[in-house]
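Dropping a structure here in structure tokens format, bear with me for questions.
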Amino acid sequence: MGEYKTVPGGVTAVPGFKASGIHAGLKKVKKDLAIIYSEVPAKAAGMFTTNKVKAAPLVLDLEHLKIDTCRAIVVNSGNANACTGEEGLKDAKSMALKTAKELGLVPEEVLVGSTGIIGVKMPMAKVLKGIKLAVKELSSEGGPLAAEAILTTDTFSKQISFQFMVGSKTVTVGGIAKGSGM
């Protein structure tokens, strides 16, 4: 890889990516819903738990990743949508469908993530309203807001972006993560 330099922006440092992070009402005050959007189809892969019990968004994402491309990721914090049964899977599908509709995509191009309290029903009216707002807020400067919106017990947001050369082409990589004491 050779020399690389860090650049600002997190996930939106990558040309063609937009993101947003908004307060949808799942938490009392803090941002709690993020969308990351690619203007063109992007290759996608995932690493998932090997546990027999998987949260509804993971079950859905395993299906959606069979086409190995993705255009958007919608993530809420404050509610894990885990141990919620068939209703939880229906809610994850609704999140993908609403995001796809707002962005002009098909649901299989959308991945869903949920993090937070386990075993609690998703407040779907807030989530769906939040998705609509988050799509309107998408910006090429929205990476830091998305990093903030996925936090649960984290004490700070985690994001990185850097560039390096491959031949005569500049490659930009950006990402966000969450986790605290995990």
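The values are calculated or read from the model by the stated rules, or taken from the named source; none is laboratory data. Fair warning: this is a prediction, and the values are worked out from it, not measured in the lab. Using ideal geometry, Cβ is built from the backbone for each residue, glycine included, and neighbour counts are taken over all protein chains shown. Ligands, DNA and RNA are stripped out before the accessible areas are found, and what is left, the full protein with its side chains, is counted by its heavy atoms. Shrake-Rupley method; radii C 1.70, N 1.55, O 1.52, S 1.80 Å.
Around residue 91, under 13 Å between beta carbons, what's the net of Lys plus Arg minus Asp minus Glu among the other residues? Write out the running numbers ahead of the final one.
Numbers: positive: 90, 93, 98, 121, 126; negative: 86, 87.
Surrounding charge for residue 91 is +3.
Hey, what D do you get for segment 17-56 in µm²/s if you plug the Kirkwood alpha-carbon radius into Stokes-Einstein at 10 °C and 1.306 mPa s?
Values: Rh = 13.2 Å.
Roughly 120 µm²/s, to the nearest whole number.
Taking the Cα centre of the chain as the origin, how large is its charge dipole in debye, to the nearest 20, when only Lys and Arg (+1) and Asp and Glu (-1) carry charge on their Cβ atoms?
Working: 23 positive and 16 negative charges, 73 e Å.
Computed about the Cα centre, the dipole is about 360 debye.
Whose amide H sits under 5 Å from the amide H of residue 24, counting only residues 5 or more places off or on another chain, with H placed in the peptide plane?
For residue 24, whose amide H was placed from the backbone, the distant partners under 5 Å are 32, 33.
Principal axis lengths of segment 56-132 from Cα atoms, whole Å, largest first?
Its Cα atoms span 30, 25, 18 Å along the three principal axes.
Hey, got the Cα dimensions of segment 47-99 along the principal axes, in Å, largest first?
So the extents along the principal axes, rounded to whole Å, are 27, 25, 19.
Give me the net charge for the shell around residue 33: Cβ to Cβ below 13 angstrom, other residues only, Lys and Arg +1, Asp and Glu -1.
On the way: positive: 27, 30, 31, 98, 126, 129, 132, 136; negative: 32, 102, 137, 148.
Taking every other residue near residue 33 into account, the sum is +4.
What number does segment 127-182 give for Rg over Rh if you use C-alpha atoms and the Kirkwood radius? Let's see the in-between values first.
Values: Rg = 14.7 Å, Rh = 13.4 Å.
In segment 127-182, Rg relative to Rh is 1.10.
Note down the net charge around residue 144, summing +1 for each Lys or Arg and -1 for each Asp or Glu among other residues with Cβ under 15 Å from its Cβ. Write down the numbers at each step before the final one.
On the way: positive: 18, 30, 31, 158, 178; negative: 137, 141, 148, 154.
Cβ neighbours under 15 Å give a net charge of +1.
Give me the percent of the accessible area of segment 1-76 that comes from carbon and sulfur atoms, probe 1.4 Å, all protein chains in place. Each step should come with its number before you reach the end.
Details: 2580 of 4360 Å².
Taking all protein chains in place, segment 1-76 shows 59 percent carbon and sulfur surface.
Now for a separate question. Go through 27/121; 66/132; 43/132 and tell me which ones have a Cα-Cα distance over 21 Å in this structure. Display every interim value, and only then the final one.
Details: 27/121 14 Å; 66/132 26 Å; 43/132 25 Å.
Cα-Cα > 21 Å for 66/132; 43/132; rest within.
So for the chain, averaging the separation of alpha carbon pairs under 8 Å that are six or more residues apart and normalising by length, what relative contact order in percent results?
Working: 440 pairs, mean separation 62.4, N = 182.
So the answer I get is 34 percent.
Taking the Cα centre as origin and putting +1 on Lys and Arg beta-carbons and -1 on Asp and Glu beta-carbons, what dipole magnitude results for segment 86-143, to the nearest 20 debye? Present the calculation step by step, with values, prior to reporting the outcome.
Details: 9 positive and 8 negative charges, 57 e Å.
Here the size comes out at about 280 debye.
Let me ask something additional. Beyond 21 Å, what percent of the Cα pairs of the chain remain?
The answer is 48 percent, as a whole percent.
Which of 128, 162, 67 sits farthest toward the positive end of the charge dipole of the chain, with +1 on the Cβ of Lys and Arg and -1 on the Cβ of Asp and Glu?
Farthest along the dipole direction, towards plus: 128.
Could you tell me which trypsin sites (Lys or Arg not before Pro) in segment 87-132 are loop residues by DSSP with no more than 15 other beta carbons within 10 angstrom of their beta carbon? Write out the running numbers ahead of the final one.
Details: sites: 90, 93, 98, 101, 121, 126, 129, 132; in loops: 121.
In loop regions of segment 87-132 (DSSP not H, G, I, E or B), the sparsely surrounded trypsin sites (Lys or Arg not before Pro) are 121.
Turning to a different aspect of this structure: Check each of the trypsin sites (Lys or Arg not before Pro) in segment 31-67 and keep only those in coil by DSSP with at most 10 other C-beta atoms within 10 angstrom; list them in order. Display every interim value, and only then the final one.
Details: sites: 31, 43, 52, 54, 66; in loops: 31, 52, 54.
Sparse-neighbourhood loop trypsin sites (Lys or Arg not before Pro): 52.
State the answer as a single residue: which of 174, 38, 144 lies farthest towards the positive end of the charge dipole of the chain, with beta carbon charges of +1 for Lys and Arg and -1 for Asp and Glu, about the Cα centre.
Result: 144, furthest along the dipole toward the positive end.
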